[in-house]
Each structure stands twice: as structure tokens, then as C-alpha cells.
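Structure record follows, encoded as C-alpha cells.
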Amino acid sequence: MMHHPMHLHGHFFRVLNDQGEYAPLKHTVDIPPMGKQTIEFYAGEDKDWPLHCHILYHMEAGMFTVLSYEGSEIDPEISEAKKNPANNLKKDTWFVWGEAAFLTQMSEGVVTASNTGNILSGIWEADWEGNYDMELTYDRYFNRFFKILVGANITDVRTRGILGIHYLLPLNFRSKLWVDTKGDLRAVLEKKMQMTNRLNIGGEIEFDTGSQWEWVGRAEWILNKQFSLFGDYHSNYKGGAGVLIRF
């Protein structure tokens, strides 16, 4: 859901649009959210040329590939680097991240480990009296809109297997729908909005045929990239405030 300034080294390319012979000649082109661009270029070089997003952390996360000319003589040092798995540009690296909020009435958070197509996650919410609700899931990523999930829902009163989907709706509403091994169904709708460079607000509503309706409203004031002041009101755990930690 972000813009990507895609840059091709060593070449100028024409952006094919409705301007005909006046189509612009560029070496970097913006790809808008959920958009695409079609380009053409004269393939008159040799060896290897990077193609990548110019936003650094996008590139570091894997938005980087190499355009290679077949039959070219590659520099021996580069050829040797390609054989080293640690330097393999096509290596599908796993990343781990998460966040945890510790409030006066409860704690909540998520921990995720993911590569390109596979996502392992743990989500929890719990009060300080021993009541909790956790989800441990494996998600298979298909595209930016659709994932399937399988895992377990664990609470202080029961444990059940779950199978369902994630789907990204218009206006960036995130939805989740799953059925469990007891025959119950859960539907979740979630939205988060960045109001200023420091303040964001959000909320979540869910319906479970076993536990019925549940909802929460949240507000976050970002202090730095690791810490935020955080508050919410949860229909089950009531209201409170505290700190949110990102890692």
C-alpha cells in the first residue's frame, strides 16, 4: 500500500502510456499502490544490472533483483559471490518482529516471523486476573489482499483448531474470517488510521458465535521507533493506558 520508485541501473527505458511517441524516457518510475507500469528499453548492454526500489528499507527487505544478459562474461569475483548462499540475492530470508502493549487493565500484542510466502504469528490479549485469548497461526500469503490461515485459538476456558482467511478490504480495512473445530465462526474487522506524524487511532470489532460481540478502540502517541504511549477501551477488559513496545 505504498509507492515504489523503481530504478533500473545502466539503462533508460520508455514508460508506455497513452502519450504515444511523447511517452517519457526515464531510469526511475513510480509504481503507485496497487498499480503497475509497463516499460520498454533497448537491451544493448551486457553482464548484470540491478533493478530495485529506491526506498532503502524496501530494497533491504527484498525489493531488489538483477537483470542479467545471457552469454556475458561475468567478473570472476561477482561470479564467486553468486555461489555463496550468504550473498544470494534470491535467498528468501526470514524476518521476526512484533509489538507488545502493557496497560493498566490488560496486555496485548503480536509476534510475527515471516518470509515472502509464509507467516507464523502469535496474537494475544489478557487481563491481570488470568483471562486471556490467544491465536497461534500459520498464514500462507497469496497476494497483498488474500491469505489463508490455520492454527489454534487458546483461551482460559478452551482450546480449538481454526481454519480461515485474511482479506484486505477497500479503504485498508483488514478482515478475518475463520471456523473452528467446535463449529463456531469468528469474523473480525479492523482499521488503523495515522492522524498525524505522532498520533494514530484504530479499532476492531469481532463477532464469534461462541462468545458473541467484542470490540476495542485504541489510540497511540509515538515517542520513537521503539516506544509509544498507548491507551484503549476493550468491551471485555474495560479501559486503561500504558506503554507499547515495538521490536
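Throughout, read-outs are computed from the coordinates displayed, never taken from laboratory work. Since the structure is predicted, the reported quantities are computational estimates derived from the model, not experimental observations. For neighbour counting, all protein chains shown are included, and Cβ atoms are generated from backbone atoms with ideal geometry for every residue, glycine included.
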* Within region 114-127, track down each residue that is without any contact (Cβ under 8 Å) to a residue 40 or more places away in the chain and loosely packed, with under 13 Cβ neighbours inside 10 Å. => Gly117
* To do: Please work out if Ile222 is in contact with a strand residue (DSSP E or B) (Cβ under 8 Å, 6 or more places away or on another chain) and under 29 Å from Asp92 (Cα atoms).
  => no
* Structure fact -> Within region 143-157, of all residues that are in a loop (DSSP other than H, G, I, E, B) and touching a residue at least 24 places away in the same chain (Cβ under 8 Å), the one surrounded by the fewest Cβ atoms within 10 Å (Cβ to Cβ) is Arg144
* **region 1-35, residues that are under 28 Å from Phe146 (Cβ atoms) and surrounded by 10 or more Cβ atoms within 10 Å (Cβ to Cβ)** => His3, His4, Pro5, Met6, Val29, Asp30, Ile31, Pro32, Pro33
* To do: Assess whether Thr104 counts as being hydroxyl-bearing (Ser, Thr, Tyr) and either closer than 30 Å to Tyr138 by Cα or within 25 Å of the chain's Cα centre (by Cα) (or both).
  => no
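Results for (1) of a type outside the set (D, E, K, R); (2) in contact (Cβ under 8 Å) with a residue 40 or more places away in the chain; (3) touching a Phe, Trp or Tyr at 6+ places or on another chain (Cβ under 6 Å); (4) within 30 Å of Arg140 (Cβ to Cβ), shown as yes or no for each residue.
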{"position": "His7", "(1), (2), (3), (4)": "yes, yes, no, no"}
{"position": "Phe13", "(1), (2), (3), (4)": "yes, no, yes, no"}
{"position": "Leu16", "(1), (2), (3), (4)": "yes, no, no, no"}
{"position": "Gly35", "(1), (2), (3), (4)": "yes, no, no, yes"}
{"position": "Phe41", "(1), (2), (3), (4)": "yes, no, yes, no"}
{"position": "Thr65", "(1), (2), (3), (4)": "yes, no, no, yes"}
{"position": "Val111", "(1), (2), (3), (4)": "yes, no, no, yes"}
